[in-house]
Amino acid sequence: MDDVHSDWGDWLLRAVEQSDPEGLAVWYLGCNGFVVKASDGTTLFVDPYLGTGDPPRTVRMIPVPFDAADVREADAVFATHEHTDHTHGPSQGPILATTDAPFFGTDASHDVVAEEGWREAWDLGDDRFVEVSEGDTVDVGEVTVHVEPAHDPDAEHPVSYVFEHAGRTFFHGGDARPSDRFADVGERYDIDLGALAFGSAGRIPDKETGDPVDTQWYSGENDVTEAARQLRLDRFLPTHWDMWKGLTADPTALGPHVRGFEYPRRLELLEIGDSTTV
């Protein structure tokens, strides 16, 4: 299985390790990846993807922020769904191998684990892999993680996650689009910061034929704003807009879309490597 390599060195990982958040903090890893760290030191990785895609079909447009083998502190790795840029052995297997972190994902993500041979490649036992589904709740350190539904028409079994710690709540929607499921989540939680995938439509080569086809994998401006409204987000953090050549977007364009609504109350923009408190 191919290794991945970063030109950034390990400075971002060391910055996370040395941080001492008062409540809950997140670092944006580009694409849809995050590190979530709580005041008790609990460190969680969500959808970390360090691959370069599959050129020329999918071409990574941002740096690889660290080498997976350089991770020294991780208490869990979470995957929202089974797509390569969310469940990826070379990105996540070494994290599991160098820490005691378990991997949490749906049945579809665990199918990828089996197909890619993570257990054999990184000498990992079955106890390191925990299957989750909608309605489950997981406690990792002092962080409570709720597994919630997600509507992603391109995925086999997607979920979203709600991370709660010290009265603060971070929502990660994976690549999901707006739906009644998000409206229900928004009614049941008071979400301080929510991450939602945003991108443009483009022409991407077909996986089988190589012919360009009209492609939209993520919500556009109106849809992602609707999802943020359904979730009643205090702060809305767009993701994924930076990742794939031909499907990138300008997150500053979302300002006029969110300005006239009660929710989200604020648009928050991060670039790869940036952090914010929840």
Q: Bin width 10 Å, alpha-carbon pairs only: give the P(r) of the chain as whole percents, running from 0 to the bin holding the largest distance.
A: 7, 31, 39, 20, 3, 0
Q) In the chain, which helices (entire DSSP H runs) extend 20 Å or more along their own long axis, judged by Cα positions, while averaging at least 0.0 on the Kyte-Doolittle scale? A) none
Q | For Ile204, distant residues with modelled amide H under 5 Å away | A | Val213, Thr215
(Q) For the chain, what does the helix formula give at 222 nm: sum of -39500 (n - 2.57) over DSSP H segments with n ≥ 4, over the residue count, nearest 500 deg cm²/dmol? (A) -5500 deg cm²/dmol
Q: Just need log10 I(q)/I(0) for segment 134-278 at q = 0.12, 0.17, 0.21 Å⁻¹, Debye formula, equal scatterers on the alpha-carbon atoms, no solvent, rounded to two decimals.
A: -0.50, -0.95, -1.33
Q. How do the peptides 209-219, 231-241 rank, highest first, by the average count of neighbouring beta carbon atoms within 10 Å per residue?
A. 231-241, 209-219
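Can you give the relative contact order of segment 11-277 as a percent, counting alpha carbon pairs under 8 Å and 6+ residues apart?
18
First measure r as the distance between the Cβ atoms of His5 and Glu187, then evaluate 1/(1 + (r/R0)^6) with R0 = 41 Å and state the FRET efficiency to the nearest 0.05.
0.40
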Q) What is the sum of charges around Ile62, taking Lys and Arg as +1, Asp and Glu as -1, for the other residues whose C-beta is under 14 Å from the C-beta of Ile62? A) -3
Q) For segment 133-193, what is the convex hull volume of its Cα atoms per residue in Å³? A) 79
Q) Which values, in whole Å and largest first, are the semi-axes of the equivalent ellipsoid of segment 75-121 obtained as the square root of 5 times each eigenvalue of the Cα gyration tensor? A) 15, 12, 9
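Every number in this text was worked out from the coordinates using simple rules, so none of it is lab data. Since the model is a prediction, treat every value here as computed from it, not as a measurement. Virtual Cβ from ideal backbone geometry, glycine too; neighbours counted across all protein chains shown.
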